[in-house]
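Below is one structure, written out as structure tokens; comments come after it.
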Amino acid sequence: MPLTVIVLGSSAGGGLPQWNCNCPQCAATRAGDPMVPPRSQSSIAVSADGERWLLCNASPDVRTQLAHTPALHPRALRHSPIAAVALTNADIDHATGLLILREGGAPPVYCTPRVERALTVGLRVLPALAAYGEVTVRPLDPRSDEPVFVRDRAGDDIGVRLKAFTVASKPPPYMLPHLTADEAADLHAGDTVGFELCAADGAAPLVYVPGVKDLDEPLRARLSAAGMVLIDGTFFTDDELVATGASKKTSRMMGHAPLTGDGGLLAFLKTVTGPRVALVHINNSNPVLRSDSPARWEIEAGGVAVAGDGDVFVVG
């Protein structure tokens, strides 16, 4: 049985246009340029049966994303096809959408213990949700090679198999006061993970990695075994924000491998054989957002697509 994947949001934090940004891409989107359509913040939905869906990351744009996706509309007076939520990290742009899902009690949340801790003592999303109904958190262990059978609120298997794996990452800034120096320095503690998702044992999985910095051999092997890859396309160059004066931080300092340059994602992907590949989590500063830009042509010439909001893929 194949897995159906809907890209709900393809942008990095802030979306496109970002509320306080007038970069060329944001300005073009506000002006209605068809070459730079708007994008909401990073999230996908996956389903094995087209009826029950796993939401991967709950962005602040989740209400609008669900409203624009007929497959995710309620089918009764009080109902949602969203059976569960899985979080790749506790970043604000990936987790605060849980608050929008509070009516009637939030769906079960799958995440690592580090992410649960961040949402409990740092961002305090889980205690806030508990005031509106029972909150069920189901742990993901990225050290385990056994898939998790995703289950809905009632405990019924929805047919989606989920396996988490660590990627090198730092905790969200709001958590630093709550961590020891050793805890904060552990880049593989589970602050950020990638997902392998499939609908049946033995099927080539979807690999979803909206944030990744270290492009190493284990990641290459994992991507090569996938049926499809949705991967971090945040920045085109390492100095993208520095060059424009928007920030003093490079792409790698922010936890994202740039698409180009030495050690960039495009060169890495040339060593990955087999899967279809599309970029997600694309920052508003990235010139690939223009569909008629040389940057977009370079990406597509390398056999990599740029995912957009509403794109649907079938995997497996």
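Coordinate-derived values only; no laboratory data. Just so we're clear, the structure is a prediction, and the values are computed from it rather than from any experiment. Neighbour counts run over all protein chains shown; Cβ positions are idealised from the backbone, glycine included.
With a threshold of 22 Å on the Cα-Cα distance, the over-threshold entries among Lys170/Lys270; Lys163/Lys249; Lys163/Lys213 are Lys170/Lys270; Lys163/Lys249.
Across region 291-302, coupling constants 3J(HN,Hα) worked out from phi with the 6.51/-1.76/1.60 Karplus curve, θ = phi - 60°, read 5, 10, 8, x, 5, 5, 4, 5, 4, 5, 5, x Hz, and Gly and Pro carry x.
Computed about its Cα centre, the charge dipole of the chain is approximately 520 debye, with only Lys, Arg, Asp and Glu carrying charge at their Cβ.
Summary of the geometry: region 162-179 and region 1-36, compared by the centres of their Cα atoms, lie 25 Å apart.
The GNM of the chain, with springs linking C-alpha atoms under 10 angstrom apart, assigns the highest mean-square fluctuation among Thr136, Thr244, Thr192 to Thr244. For trypsin sites (Lys or Arg not before Pro), the sites in region 56-108 that DSSP calls loop and that have at most 10 other Cβ atoms within 10 Å are Arg75, Arg78.
Taking the alpha carbon gyration tensor of region 1-150, what are the square roots of 5 times its eigenvalues, largest first, to the nearest whole Å?
Output for region 1-150: semi-axes of 27, 19, 16 Å.
For the chain, modelled as a GNM whose springs connect Cα atoms under 10 angstrom apart, the maximal fluctuation among Ala128, Ala83, Ala118 occurs at Ala128.
Our estimate of slack between Arg75 and Ala185, defined as 0.36 nm per intervening residue step minus the Cα-Cα distance, is 35.0 nm. Between Arg39 and Leu16, the built amide H atoms are under 5 Å apart, and every one of these is 5 or more places off in sequence or on another chain. As a proxy for reagent exposure, ranking Arg138, Arg39 by other Cβ atoms within 10 Å from fewest up yields Arg138, Arg39. The average projected area of region 65-178, computed from the convex hull of its Cα atoms over all directions, is 7.9 nm².
Distances between placed amide hydrogens fall under 5 Å for Thr88 paired with Asn57, all partners being 5 or more residues away or on another chain.
Maximal additional length on extending the Arg102-Arg276 stretch stands at 59.1 nm, based on 0.36 nm per residue less the C-alpha distance.
Under the rule that an exposed site lies in a DSSP loop and has at most 10 other Cβ atoms within 10 Å, name the longest stretch of the chain with no GluC sites (Glu not before Pro) of that kind, not counting the sites themselves. No qualifying site falls inside 135-316, the longest such stretch. Partners of Lys248 within straight-line reach, counting aspartates and glutamates whose Cα lies under 19 Å from its Cα and excluding those fewer than 8 residues away in the same chain: Asp238, Asp239, Glu240.
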